[in-house]
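Written out below as structure tokens is the structure these notes cover.
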Amino acid sequence: MVLKIGVLVSGRGSNLQAIMDACDEGKIPAQVVVVISDVGDAPALERARLKGIDAVHVDYHGFNGKTEYEQVVAGILKDHHVELVCLAGYMRIVGRSLLDAFQNRIINIHPALLPSFPGLDAQRQAVEHGVRFSGCTVHFIDEGVDSGPIILQAVVPVHQSDTPEILAQRILAEEHRIYPEAIGLFARGKLKIEGRKVMLG
Ligand code: GAR
């Protein structure tokens, strides 16, 4: 059984690429069936089209608020029979209507070791805080900002000479490794949410 994935993006799409490649190479029993961007010229949309995957721009500003916008997004995902929604560089906070439409079926990648440095500019936050290690986190989405149950994390060192951009590159390599891995675990039914924790079976 191949898990049908919908990916929400806002920009470059390198995580989307890693996910699509892992699916194509048969590394995970999953398939990206639709990519939705809130940004019309996001390079991620072109990456999807090159793979022959439906790529849709849904303009947030074309709607009367978040609920209406998310109802349209959820409708497109449902039309494609999506079973797991992956946020990959999607820069909007997910609201109630999308959460309700895909309960415990929305995951995200964040470029820090949560619960440290949630929100925007996580790599800059880490450099400015002077931590020795940072990394990335794949987690389920809940109502908070980067606060849902954690699936996988990877650690990278932070060097004294690091700029946020250099650290971001080091973290990104790990993102591309653990995001497909986490999707593979979900696809194989290996993730069980128990309160705050995700048990790996
Ligand atoms: C990635 O580093 C991802 O972790 C981050 O945006 C980048 C998107 O890159 N996401 C967030 O900061 C979400 N809070 P990509 O478009 O090349 O995958």
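Keeping all protein chains in position, work out how much accessible area K190 exposes to a 1.4 Å probe, and write it in Å² to the nearest 10.
Probe radius 1.4 Å; accessible area of K190 about 80 Å².
I'd like to compare 38-44, 91-97, 160-166: which one has the highest average count of other Cβ atoms within 10 Å, and what's the full order after that?
So the order, starting with the most tightly packed, is 38-44, 91-97, 160-166.
How large is ³J(HN,Hα) for each residue in region 32-41, as worked out from phi by the Karplus curve 6.51 cos²θ - 1.76 cosθ + 1.60 (θ = phi - 60°), to whole Hz, x for Gly and Pro?
Going residue by residue, I get 7, 9, 7, 10, 10, 10, 8, 10, x, 9 Hz, with x marking Gly and Pro.
Please report the base-10 log of the normalised intensity I(q)/I(0) for region 89-201, using a Debye sum with one equal scatterer per alpha carbon and no solvent, at each q in 0.09, 0.23 (1/Å).
So the normalised log intensities work out to -0.24, -1.28.
Give, rounded to the nearest 20 debye, the magnitude of the charge dipole that the chain has about its Cα centre when Lys and Arg contribute +1 at Cβ and Asp and Glu contribute -1 at Cβ.
540
Tell me, what does the Kirkwood hydrodynamic radius of the chain come to in angstroms if you use every pair of distinct C-alpha atoms?
Mean inverse Cα-Cα distance, inverted, gives 17.0 Å.
Rounded to whole Å and sorted largest first, list the principal axis extents of the Cα atoms in region 107-164.
35, 19, 12
With the crude spin-label approximation of a point 7 Å out along Cα→Cβ, what separation in nm comes out for H159 versus D41?
Distance between label points: 3.4 nm.
So who's got an amide H within less than 5 Å of the one on A55, skipping anything under 5 residues away but keeping other chains? H placed 1.01 Å off N, in plane.
V35
Which of the listed residues, L16, V56, V2, is farthest toward the dipole's positive end in the chain, when Lys, Arg count +1 and Asp, Glu count -1 at the beta-carbon?
Result: V2.
Rounded to whole Hz and in sequence order, give me ³J(HN,Hα) for region 189-201 from the Karplus expression 6.51 cos²θ - 1.76 cosθ + 1.60, θ = phi - 60°, writing x for Gly and Pro.
x, 9, 10, 10, 7, 10, x, 7, 9, 10, 8, 9, x
At a Förster distance of 25 Å, what's the computed FRET efficiency of R96 paired with D54, Cβ-Cβ distance as r, to 0.05?
Approximately 0.45, to the nearest 0.05.
Given a cut-off of under 8 Å on Cα pairs at least six residues apart, what relative contact order in percent is computed for the chain?
20
The values are calculated or read from the model by the stated rules, or taken from the named source; none is laboratory data. Predicted model, so just to flag it, every value in this text is computed and none were measured. Using ideal geometry, Cβ is built from the backbone for each residue, glycine included, and neighbour counts are taken over all protein chains shown. Remember, those area values only see protein heavy atoms, side chains included, never the ligands or the DNA or RNA. Shrake-Rupley method; radii C 1.70, N 1.55, O 1.52, S 1.80 Å.
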